[in-house]
Amino acid sequence: MLFEKLPRKKQSREDGWLVELVSKAYTDEPFDCIHSYIVNIKPGKSRAGHYHKKKEEWFCVICGMVNLVLVDMEKNRRETITLDSSDEDYCIIHIPSKIAHLVQNPTENEAAIIVFAREPEDKADTIPYKF
C-alpha cells in the first residue's frame, strides 16, 4: 500500500459536525503534539457558546464565512469579528482563556473553522455561556 489511513471520528450534531485532527490523545506521529479539530457550522446555526478557565485556542476559517462573538469574562467587554475564507487578509484568531466565544454562520452555505489548542478538550474546563 502506498499510503496509511489515520482514522478520525466525526461527531455530528444538528448544528454541524466536528472532527479532531491532531491531538495528544493520538499515538500516530507526528499528530500527537498539539490538539486541533475542524468544526462545521450549518447555515443559520451557531457553535461553541462557552469559555475556558485555562485553555487557549486559535481559530481560523477554512471555508465560508462566520461571525466570531467574543466576551471578556473579567471585563464584560464584547466584540464581534467576521472571518471569511475569501478575504485577502487571512488570519488566525488567538482566543485566550476566560474569553467566551460563539461561532455563528449567518449565511445560507455551510462554513468550517479549524481550531488549534495545546491541550485536548477538558469538559471540566469548558463553561457554558449564554450569548
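The values are calculated or read from the model by the stated rules, or taken from the named source; none is laboratory data. Remember, it's a predicted structure, so these values are computed and weren't measured experimentally. In this analysis, Cβ positions are derived from the backbone assuming ideal geometry, glycine residues included, and neighbour counts consider all displayed protein chains.
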*Return the residue satisfying two criteria in turn: it lies in segment 75-88 and is of a type in the set (D, E, K, R) and either in contact (Cβ under 8 Å) with a residue 12 or more places away in the chain or outside any strand (DSSP E or B) (or both), and of such residues it is surrounded by the fewest Cβ atoms within 10 Å (Cβ to Cβ).*
Glu88
*Of the numbered conditions (1) aromatic (Phe, Trp, Tyr); (2) modelled with pLDDT under 95; (3) more than 13 Å from the chain's Cα centre (by Cα), Phe116 fails exactly one; give the number of that condition.*
(3)
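Among the listed residues Asp122, Asp72, identify the single one that is in contact (Cβ under 8 Å) with a residue 12 or more places away in the chain, under 27 Å from Pro7 (Cα atoms) and acidic (Asp, Glu).
Details: Asp72 fails: under 27 Å from Pro7 (Cα atoms).
Going through Asp122, Asp72 in turn, just one is in contact (Cβ under 8 Å) with a residue 12 or more places away in the chain, under 27 Å from Pro7 (Cα atoms) and acidic (Asp, Glu): Asp122.
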*Would you call Leu6 touching a residue at least 12 places away in the same chain (Cβ under 8 Å), over 15 Å from Val115 (Cβ atoms), among the hydrophobic types (A, V, I, L, M, F, W, C) and assigned to a loop (DSSP other than H, G, I, E, B)?*
yes
*asked:* So the check is Cβ under 7 Å with 6+ separation or different chains; which pairs have a first residue in segment 52-63 that's touching a residue at least 24 places away in the same chain (Cβ under 8 Å) and farther than 7 Å from Ile113 by Cα and a second one that's among the aliphatic types (A, V, I, L, M) and not in a strand (DSSP E or B)?
replied: Trp58/Ile92
*Would you pick out the residues in segment 5-63 that are modelled with pLDDT under 90, surrounded by 19 or more Cβ atoms within 10 Å (Cβ to Cβ) and polar (S, T, N, Q)?*
Ser23
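So, Ile34, is that one out of contact with any Asp or Glu (no Cβ under 8 Å at 6 or more places or on another chain), among the aliphatic types (A, V, I, L, M) and within 18 Å of Arg13 (Cα to Cα) or not?
Details: out of contact with any Asp or Glu (no Cβ under 8 Å at 6 or more places or on another chain): yes; among the aliphatic types (A, V, I, L, M): yes; within 18 Å of Arg13 (Cα to Cα): no.
Judged against the criteria, Ile34 is not a match.
Per-residue answers, yes or no, for (1) free of Cβ contacts under 8 Å to residues at least 40 places away in the same chain; (2) closer than 21 Å to Gln11 by Cβ:
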{"position": "Met65", "(1), (2)": "no, no"}
{"position": "Leu68", "(1), (2)": "yes, yes"}
{"position": "Val103", "(1), (2)": "no, yes"}
{"position": "Ala112", "(1), (2)": "no, yes"}
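Select from segment 119-130 the residues that are assigned to a loop (DSSP other than H, G, I, E, B) and either at pLDDT below 95 or exposed (fewer than 14 other Cβ atoms within 10 Å of the Cβ) (or both) and list them in ascending order. Explain how you work it out, then say what you get.
We begin by selecting, within segment 119-130, every residue assigned to a loop (DSSP other than H, G, I, E, B); these are 119-122, 129-130.
If the condition is that a residue be assigned to a loop (DSSP other than H, G, I, E, B) and either at pLDDT below 95 or exposed (fewer than 14 other Cβ atoms within 10 Å of the Cβ) (or both), then Glu119, Pro120, Glu121, Asp122, Lys130 are the ones that fit.
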_The conditions are (1) touching a Pro at 6+ places or on another chain (Cβ under 7 Å); (2) part of a strand (DSSP E or B); (3) under 16 Å from Asp122 (Cα atoms), and Tyr37 fails exactly one of them. Which is it?_
(1)
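Can you spot a residue in segment 89-97 that is loosely packed, with under 15 Cβ neighbours inside 10 Å, more than 22 Å from Ile34 (Cβ to Cβ) and at pLDDT below 95? First the steps, then the outcome.
The first filter runs over segment 89-97 and keeps only residues loosely packed, with under 15 Cβ neighbours inside 10 Å, leaving 89-92, 94, 96-97.
Okay, now just the ones that are also more than 22 Å from Ile34 (Cβ to Cβ), so 89.
Add one more test, that the residue is at pLDDT below 95, and what stays is 89.
Yes; the residues of segment 89-97 include at least one that is loosely packed, with under 15 Cβ neighbours inside 10 Å, more than 22 Å from Ile34 (Cβ to Cβ) and at pLDDT below 95.
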